[in-house]
Amino acid sequence: MVKPLIAGNWKMHMTVRESVDFARQLRSEFPEPVDRNIVIAPPFTALYPVAEVLRGSGIYLSAQNLHWDEEGAYTGEISAEMLVDAGCEYVIIGHSERRTFFNERDSEINRKIKTALKFNLRPIFCVGETLAERESEQTFAIIKRQIEEGLINLSSDGIEQIVVAYEPVWAIGTGKTATPGQAEEVHRFIRNTMAEINRKDTSSKTVILYGGSVNHNNIGDLMNQPDIDGVLVGGASLNVETFIKIVRF
Ligand code: PGA
């Protein structure tokens, strides 16, 4: 059993002041590392000030995206080196909102993952099917494609650094959570697929998160499943009291 990982994805919410206040409260609740890994992913503008608050606490900082190139003429983009410089240890890659609204394809996601790993950022690699794909029984095929294409040509060491987040698109921000059984079925499939692509069975160590309308009421049942190692929380991570309850599930 790996150490549970509880991550909050703030998306395009929170000012610098709000982010710093949140981080201070979270830190005062968890001043030292606990028996679970806590990660928060503020917007880019708040990363550095939040890193200053979290320094030495054992609470990790994540970005929500990065560019695949190391530097260059990409107006408006952020590089892996900049994220490390700002204090990040994780980065969310391939979130369904980026796939949907910014047309991110598996090949770009793959490049981003490689760049993140090169700079020692741990990717939180998101996969998940839409409602139409689930209803037409394509869930496993979609997840398999996203994993195989997203992680193509990665070294075994690289694959072992990946945190996979299963986020069914139909459950994100909708209040509709996958049942623990539905989530577990896909998590098991993801674990097996990770073992296949890595060609050695370190899959028991792969951290696989569930995301999609997680809150402090439903997290317990989800975390009871053998292949659910943690959660990636959107909406319910924006309020610090609620997030603390989630972390303490
Ligand atoms: P949600 O978002 O918890 O608001 O459904 C999860 C996510 O998109 O990571």
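The values are calculated or read from the model by the stated rules, or taken from the named source; none is laboratory data. All values reported here derive from a predicted model rather than from experimental measurement. In this analysis, Cβ positions are derived from the backbone assuming ideal geometry, glycine residues included, and neighbour counts consider all displayed protein chains. Just so you know, the surface numbers come from the protein's heavy atoms only, side chains and all, with ligands and any DNA or RNA stripped out. Shrake-Rupley method; radii C 1.70, N 1.55, O 1.52, S 1.80 Å.
Looking at the range 27-42, which of its residues are buried (at least 18 other Cβ atoms within 10 Å of the Cβ) and closer than 19 Å to residue 122 by Cα?
Passing the criteria: 37, 38, 39, 40, 41, 42.
Restricting attention to the range 161-175, does a residue exist that is closer than 24 Å to residue 111 by Cα, open to solvent by 10 Å² or more (accessible area, probe 1.4 Å) and more than 14 Å from the ligand (Cβ to nearest atom)?
Yes, the conditions are met somewhere in the range 161-175.
For the subset of the range 224-239 comprising residues that are open to solvent by 10 Å² or more (accessible area, probe 1.4 Å) and not polar (S, T, N, Q), which member is farthest from residue 92 (Cα to Cα)?
Only one residue tops the list, namely 226.
Does any residue of the range 75-84 turn out to be surrounded by 17 or more Cβ atoms within 10 Å (Cβ to Cβ) and under 20 Å from residue 232 (Cα atoms)?
Yes, some residue in the range 75-84 is surrounded by 17 or more Cβ atoms within 10 Å (Cβ to Cβ) and under 20 Å from residue 232 (Cα atoms).
What's the number of the condition residue 48 fails, among (1) within 16 Å of the ligand (Cβ to nearest atom); (2) in a helix (DSSP H, G or I); (3) among the hydroxyl-bearing types (Ser, Thr, Tyr)?
Looking at each condition in turn, residue 48 falls short on (1).
Within the range 85-98, count every residue that is open to solvent by 40 Å² or more (accessible area, probe 1.4 Å) and either in contact (Cβ under 8 Å) with a residue 24 or more places away in the chain or within 16 Å of the chain's Cα centre (by Cα) (or both).
Narrowing the range 85-98 to residues open to solvent by 40 Å² or more (accessible area, probe 1.4 Å): 85, 89, 97-98.
Now narrow it down to the ones that are either in contact (Cβ under 8 Å) with a residue 24 or more places away in the chain or within 16 Å of the chain's Cα centre (by Cα) (or both): 89, 97-98.
Total satisfying the criteria: 3.
Does residue 156 meet the test of being open to solvent by 50 Å² or more (accessible area, probe 1.4 Å), away from the ligand (no atom under 13 Å from the Cβ) and among the small types (Gly, Ala, Ser)?
no
How many of the residues making up the range 106-135 are more than 12 Å from the ligand (Cβ to nearest atom), under 20 Å from residue 190 (Cβ atoms) and assigned to a loop (DSSP other than H, G, I, E, B)?
Result for the range 106-135: 2.
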